[in-house]
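Read-outs throughout are calculated quantities, based only on the coordinates presented, and are distinct from any laboratory measurement. Here the structure is a predicted model, which means the values were calculated and not measured. Cβ sites come from the backbone with ideal geometry, for glycine too, and all protein chains shown count toward neighbours.
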Amino acid sequence: MALGLDAVSAVFWGVLGNFAPIPLLLWGYDRLMQIPQLRASLLRLEKRGGQRVREVLIRYGAWFLILMTPLLGNWTVAIVGPFTGILPRQLLVFSLLGITLYGVATAAAITTSMDWFSAA
């Protein structure tokens with residue numbers, strides 16, 4: 001919106017840019033696991049926190065993904081998701097939903113505050 005885009009265009013391009021890494025990382029997860037250093041750190045991470053994340057996902061389900069994808073980061077959710085047992089389709093749908101909701105909320109807040117300050 002700072003570049004002169006309307007709110008709908010800003011949300012669309014923002015969601016597209018933030019969502020793009022998730023399918024790419026899910027598609028390339030097996031290839032990433034072939035890199036020995038990365039595999040070792042991911043397996044260590046899985047042992048340390050994978051069970052806790054699994055329990056939270058079972059308890060809160062999709063709401064956890066919707067709320068946490070924009071907060072934790074898309075890359076983090078896309079990498080951690082597969083070894084916590086999240087189905088790829090579920091990860092894609094709820095991450096997209098969360099990113100879109102946060103994008104719409106941010107655009108609404110910016111538009112409202114711009115209208116509010118310009119009215120004064």
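Numbers at a glance
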| read-out | value |
| --- | --- |
| Cα-only Debye scattering, region 46-93: base-10 log of I(q)/I(0) at q = 0.17, 0.30, 0.31 Å⁻¹ | -0.42, -1.38, -1.45 |
| 16 Å cut-off, amide nitrogen to a point 7 angstrom out along A62 Cα→Cβ, residues in region 94-108 | 94-102 |
| Total charge dipole magnitude, the chain, about the Cα centre, Cβ charges on Lys, Arg, Asp, Glu only, Debye to nearest 20 | 700 |
| Segment L71-R54, extension gain: residue separation times 0.36 nm, minus the distance between their alpha carbons | 4.3 nm |
| Alpha-carbon spread of the chain, three principal axes, descending order, Å | 57, 30, 22 |
| For the chain, calculated [θ]222 nm from helices alone, where every DSSP H run of n ≥ 4 adds -39500 (n - 2.57) | -27500 deg cm²/dmol |
